[in-house]
Ligand SMILES: *Cc1c(COP(=O)(O)O)cnc(C)c1O
């Protein structure tokens, strides 16, 4: 399942709910059947059971939120019972039923809200008591795991806005038979969830003659302050050098009045980056972006695509920029599946690939910064005569750990995008031990000029400016510290107690670049459960490569092999929040969502 399909699953409940509820309402009008309840008498029983949550004195004014209020019939019931101390707030996702409710009760507040939305304003339904009657009884075509994720997250998200207590009903497990479309939940599971919120102030009630039960949780002492809703956790919060640390480099630009064209700052940055990978000055050539760096490396290594060799073979599982760079250089991408363990192209398997004879180029990718072996691809290049260029966009921090294996004759394109571990905002570079090739890369990134103003080869303008070099130099000054901070954040994930199932699935540095923390789900169902739990806990995640190149509309028609591994990885690899200043609390919030998703999905 790819990212878009997972979103579709998330929307499915909403769509089905609104559709079924709205359809019933249209068919049966403002009656019990119109609200999908079999009988009017049963509905009134439920209303009374729900109102049983109120433990305040009859004279104490209270607010009650009717969560999933439909047309507001509970308010009719409250008025019939003469409960004049109750201020009623209706909340629902359906605009249709709310329109009816507002027409019936023009002086009452009705709020249209979907608490599953990341940015839902849950504070709008803050109340003393919240009742959810029939919101969790039907699961329609969701799985039990998906429905549990929806249910538990809804309770967790609304609870901070409830000052005194909540009540809701679910279907009982203690019945002669369970209906497939209803949500039958063990009482222990519900009690466990509520105990987390309310301690021992939990009550379950199944004595009113229906196939359901009602659960109540009350606060020990009414919460006087409703805590603010936890903020959204961003999946990545880059941190580049501060203006203060940039200023000494910017002042040099003021003095030199050289702004681009390989000025002093770019030269210094290239020297220091070369030094970082333990090579002489000139081994790293900077570029405007990782994509341009890759294009420059391709043009310098293999030139443009030809009619005899129109294809660039690349892995289907990569960020789309790999294909874009190939196409910019006149190649038609040909997508090959990756190895299930390494997530990379396999040079040995590729040697006998039928398209190799028509390929002018192969672009192995360093997935999530897992660096690509020079040795194996040099052997491939020697055996097949096909030029090779690495897209090592996010691999710099891994390459630096052992440059002798990962920097060599074959050029490695690097990205210095803000999301990568070494960042200049936008920027990139190419590293190679082949000095002649490094010169050709510099030429290809500068109009084909080399020691003169004549264009002498296929090229683009992909030169880094002095301003970006200033950021790069300041970034290098603090890079050791930044890497340690990122590694510390990754380590926090790997050291939260008592979550072995989660640990098994985490992929962190040094396996991948320190700018990624990945959750490798065991399968698409587990991935969907995890994504649901993260989404409902307002934790951003990203499938960095999505379902790979083929998923992009522009590349939908490119030629490709069967891509089973790519499809599976696209669905199962979930990027988790990471930042140099990630806190332990945030990591705990993420891991507890993961633990819950796995527990519910076993
Ligand atoms: C980030 C990335 C790129 C693109 O780099 P830019 O600097 O954004 O152009 C290309 N390929 C891979 C694998 C990447 O991760």
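We did not get these values from a lab; they are worked out from the coordinates using the rules stated. All figures in this text were calculated on a predicted structure; none of them were measured in a lab. When we count neighbours, we look across all protein chains shown, and the Cβ atoms used for this are built from the backbone with ideal geometry, even at glycine.
Numbers for the structure displayed
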quantity: Acute angle (nearest 10 degrees) that the helix 479-494 long axis makes with the longest principal axis of the chain, alpha-carbon atoms; calculated: 40
quantity: Global geometry of region 535-602, whether rounded, prolate or oblate, following the gyration tensor of its Cα atoms and the 1.5 cut on a/c; calculated: prolate
quantity: Extension gain from residue 522 to residue 583, taking 0.36 nm per residue of separation minus the Cα-Cα distance; calculated: 19.3 nm
quantity: In nm, spacing of pseudo-spin labels at residue 188 and residue 140 (7 Å Cα→C-beta vector); calculated: 3.1
quantity: Cα gyration tensor, the chain - rounded (a/c under 1.5), prolate or oblate; calculated: prolate
quantity: 222 nm mean residue ellipticity, helices alone, for the chain (DSSP H n ≥ 4; -39,500 (n - 2.57); rounded to 500); calculated: -12000 deg cm²/dmol
quantity: Relative frequency of Cα-Cα separations exceeding 22 Å in region 363-503, percent; calculated: 50
quantity: Between helix 3-28 and the chain: long-axis angle, C-alpha atoms, 0 to 90°, nearest 10; calculated: 30
quantity: Projected label distance in nm at residue 267 and residue 341, using a 7 Å step from Cα toward the beta-carbon; calculated: 4.8
quantity: Pairwise FRET efficiency - residue 99 versus residue 39, Cβ, R0 = 35 Å, nearest 0.05; calculated: 0.85
quantity: Gyration tensor verdict on region 199-329 (Cα atoms; rounded if a/c is under 1.5, prolate if a/b is larger than b/c, oblate otherwise); calculated: oblate
quantity: R0 of 51 Å, Cβ-Cβ distance residue 592-residue 257: FRET efficiency to nearest 0.05; calculated: 0.40
quantity: Point-to-point label distance, residue 204-residue 118, nm (Cα→Cβ direction, 7 Å offset); calculated: 3.6
quantity: FRET efficiency for residue 197 and residue 57, using Cβ-Cβ distance with R0 set to 25 Å, rounded to 0.05; calculated: 0.55
quantity: Spatial separation of Cα centroids for region 504-541 and region 163-221, in angstrom; calculated: 31
quantity: Relative contact order of region 143-291, pairs being alpha-carbon contacts under 8 Å that are 6 or more residues apart, as %; calculated: 19
quantity: Helix 40-51 axis, angle to the chain major axis (alpha carbon atoms, nearest 10°); calculated: 70
quantity: For region 95-128 and region 342-392, distance of Cα centres in Å; calculated: 57
quantity: Ranked list, fewest to most other Cβ atoms within 10 Å of each Cβ, for 465, 242, 395; calculated: 242, 465, 395
